[in-house]
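A short reminder: the numbers here are calculations on the coordinates, not readings from a lab. Not measured: the values here are computed from a predicted model. We place every Cβ from the backbone using ideal geometry, glycine too, and count neighbours over all the protein chains shown.
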Amino acid sequence: MPELPEVEAASRIARRAVRGETIAEVEVLHPAQRRSLPRRAAQALAGDRVTRVARRAKYQVLHLASGRSLVVHFRMAGDWGVTSPGESLPRHSRVALRFTSGRALVLVDPRALCTVTVVEAGDRPLPELGPEADRPSFSAAHLGRALRDRATAIKPLLLDQSIVAGIGNIYASEALWRARLDPRRPGRDVQPAEVKRVVAAVHRVMREALAHPERYYQDGEDGLRFRVYDREGQPCRRCRGPIQRITQAGRSTYWCPACQR
DNA sequence: ATAGGCCTGGAC
DNA sequence: GTCCAGGCCTAT
C-alpha cells in the first residue's frame with residue numbers, strides 16, 4: 001500500500017504502537033530481507049528504544065535512543081501489522097520488531113521486496129529527495145524549474161523522487177488525468193499554465209488520499225476509486241472516451257487520449 | 001531510454 | 001503455464 005498517503009497512514013500506526021517501546025529482539029523471517037538487514041545488524045538493535053517515528057516521502061524512520069535509526073521502505077507491497085502479547089503473526093510477516101512489552105510491530109510484505117536498514121548516528125539516512133508532494137513547497141515554480149530542458153515525458157518525471165517525493169505509479173496517472181495533460185508530453189514542452197494545473201492536481205490527489213487512509217485502494221461505491229488507473233478500455237469519467245494503457249519507463253500509464261492533451 | 005533483477009501472489 | 005503488480009537499483 002505504498003505511496004505517500006498510504007505510507008503516512010502506516011507511519012501513524014507505527015507511531016501509536018511503538019513510540020517509547022524498547023526493542024527486545026528483531027526477527028528476520030524471510031531470507032531475502034537479510035539483504036537490507038543482515039543478521040548482525042538485526043541483533044545489534046536489541047535494547048534500543050524507539051524515540052520517534054517520522055516519515056519522509058515513502059520512507060519511514062524509527063529514531064532510536066542510541067542515535068541510530070531504522071529506515072523502512074515498503075516498496076511495492078509493504079504494510080505494518082501490530083500484534084499484542086502472545087498473538088500470532090499475520091501471513092507474509094517478514095520482519096518482526098518485538099518489544100519488551102510483548103507487543104510486536106511486524107513488516108507484512110508478500111513479495112519480500114521491502115527494505116529495512118540500520119543507519120548509524122551521523123550517517124545520511126535518505127537519498128536526495130524533492131519536496132513532499134502534498135506540501136506547498138512542491139510549487140509551480142519548483143516543478144517548472146525541474147521540467148525545464150528535460151526531454152523526458154512528464155509522467156516518468158513525476159515519479160522521479162529527487163524532483164518531487166512521494167508520488168507513485170497510481171497517483172501519477174491520477175494527477176495527470178485531473179490536470180488534463182498528456183502523460184507523454186516532454187517536460188520542457190509543458191507550459192507554465194499546465195505546470196500549475198499539474199501541481200494543483202497532485203496536491204488534490206494527495207490530499208484526497210490522505211483524508212481516506214484506507215478506502216482509496218479498495219473497490220467500492222464511495223466514489224473514491226481511481227479515475228483512470230487500472231481502467232483500460234473503460235469509459236473516461238469526464239468524456240466517456242476509452243481509457244488507454246501505455247508503457248513508460250517500464251511502468252503502466254493509464255490515460256484518456258480524448259481529454260488529456 | 002530501455003531491460004533486467006529482486007520476490008510472491010493473483011488474474012487469466 | 002503467462003502476464004502483471006503500488007519501487008527502485010544497476011547495467012547497457
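Computed over the alpha-carbon pairs of segment A:140-255, the distance histogram in 10 Å steps reads 14, 47, 32, 7, 0 percent, short to long.
Positive-end ranking of A:PRO90, A:CYS236, A:VAL7 along the dipole of chain A, with charges on Cβ about the Cα centre, is headed by A:CYS236.
For segment A:4-119, what log10 I(q)/I(0) values come out of the Debye formula at q = 0.20, 0.21 1/Å, with one point per alpha carbon and no solvent? Taking Cα atoms of segment A:4-119 as identical point scatterers yields -1.08, -1.22.
Report the charge-dipole magnitude of segment A:127-188 in Debye, nearest 20, computed about the Cα centre from +1 at each Lys and Arg Cβ and -1 at each Asp and Glu Cβ.
With Lys and Arg at +1 and Asp and Glu at -1, about 340 debye.
Per-residue Karplus couplings for segment A:157-172, computed as 6.51 cos²θ - 1.76 cosθ + 1.60 with θ equal to phi - 60°, are listed in order as 5, 5, 8, 6, 5, 7, 8, 8, 9, x, 7, x, 5, 6, 5, 5 Hz, Gly and Pro entered as x. Each Lys and Arg Cβ is given +1 and each Asp and Glu Cβ -1; about its Cα centre, chain A then shows a dipole of about 580 debye. Label-to-label distance for A:MET76 and A:ARG111 is 0.3 nm, based on points extended 7 Å past Cα in the beta-carbon direction. Note on chain A: the C-alpha convex hull projects to 14.7 nm² when averaged across all orientations.
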